[in-house]
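Visitor: Here it is: the structure, laid out below.
The values are calculated or read from the model by the stated rules, or taken from the named source; none is laboratory data. Since we're looking at a predicted model, the values are computed, not measured. As a convention, Cβ positions derive from the backbone with ideal geometry for all residues, glycine included, and neighbour counts pool all protein chains shown. For the accessible areas, the whole protein counts, side chains as well, though only heavy atoms, and no ligand, DNA or RNA atoms are used. Shrake-Rupley method; radii C 1.70, N 1.55, O 1.52, S 1.80 Å.
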Amino acid sequence: MTPPRGPKPPQITLTPAERQALEALIRRPSTPQQLVLRARIVLAGAAGRNNAQIARELAVGIDAPRLWRRRWLETAPADPEAPPPVAVRLQDLPRPGAPGRFTAEQFCQLIAMGCEVPAGSERPISHWTPREIAAEAQKRGIVDRISPRHVGRVFKRGI
């Protein structure tokens, strides 16, 4: 076998507690598979494998081991006595974009309003429509503004 080309990746050193937590994460049946894969990448890196070997063994692209090795090392705890949970270190970074405009409480209030009888809101209708719910939500002060289209998406999705 020829020696690997390029620079040697930084070594991952695991504490016994981190190793045990990663192995437990892999064994737990309820762990999302993306976290299992990331835990396997970190364990393989700690075993001394380079990124190409890890990529081959786990049937992933070369960028995945590179990313998760770097991310694991970057999220190393400043205080070794109080490390963050292993699963937190394997989470995705927050996605870019504008934050949501409505809170979970507002969504719950919209759904609850949709379950009410429209006549109780002094509306001369027998069933709620997205337009009526949007207008009533603004009237009650649940939201400042919301489009009927967005109300329709909320109810279709069931959130």
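Visitor: Using protein chains only and a probe of 1.4 angstrom, how many square angstrom of residue 139 are accessible, to the nearest 10?
Guide: Here the accessible area works out near 140 Å².
Visitor: Let me ask something else about it. GNM on the chain, C-alpha springs below 10 Å: top fluctuator among 11, 138, 53?
Guide: Highest fluctuation among the options: 138.
Visitor: Here is a follow-up. When you take every Cα atom in the range 1-151, what is the radius of gyration, and what is Dmax, the widest Cα pair distance, in Å?
Guide: According to the Cα coordinates of the range 1-151, Rg and Dmax are 25.0, 80 Å.
Visitor: Would you list 60, 42, 88 from the most to the least accessible area, probe 1.4 Å? Don't skip to the end; give the middle numbers.
Guide: Numbers: 60 35, 42 0, 88 90 Å².
Correct descending sequence by accessible area is 88, 60, 42.
Visitor: Quick check: residue separation of residue 8 and residue 58 times 0.36 nm, minus the Cα distance between them. What number comes out in nm? Before the final figure, lay out each step's value.
Guide: Details: separation 50, 0.36 × 50 = 18.00 nm, distance 1.93 nm.
The residue 8-residue 58 span can extend by a further 16.1 nm.
Visitor: Tell me the label-point distance for the pair residue 103, residue 121, using the 7 Å Cα-to-Cβ offset, in nm and rounded to one decimal.
Guide: 2.0 nm
Visitor: What is the chain's relative contact order, in percent, from Cα pairs under 8 angstrom and six or more apart in sequence?
Guide: Numbers: 114 pairs, mean separation 24.1, N = 159.
RCO, the chain: 15 percent.
Visitor: For residue 131, project a label point 7 Å along Cα to C-beta. Then give me every residue of the range 96-125 with its amide nitrogen under 14 Å of that point.
Guide: 124-125
Visitor: Rounded to whole Å, give me the distance from the Cα center of the range 84-148 to that of the range 1-69.
Guide: When both Cα centres are located, 41 Å separates them.
Visitor: Mind telling me which of 83, 118, 96 comes out most flexible in a GNM of the chain, alpha-carbon contacts under 10 Å?
Guide: 118
Visitor: Determine the per residue accessible area of the chain with all protein chains present and a 1.4 angstrom probe, expressed in square angstrom. Could you put the intermediate results ahead of the total?
Guide: On the way: 10860 Å² over 159 residues.
Here the per-residue accessible area is 68 Å².
Visitor: When only the heavy atoms of the protein chains count and the probe is 1.4 Å, how do 49, 145 rank by accessible area, highest first?
Guide: Working: 49 85, 145 150 Å².
I get 145, 49, largest accessible area first.
Visitor: Classify the range 17-59 as rounded, prolate or oblate from the Cα gyration tensor: take a ≥ b ≥ c as the square roots of its eigenvalues, call it rounded if a/c is under 1.5, otherwise prolate when a/b beats b/c and oblate if not.
Guide: oblate
Visitor: At most 10 other Cβ atoms within 10 Å and a DSSP loop assignment: could you name the GluC sites (Glu not before Pro) in the range 89-159 that fit? If you can, show how the numbers build up before the last one.
Guide: Details: sites: 105, 116, 122, 132, 136; in loops: 116, 122.
Loop-located and lightly packed - 122.
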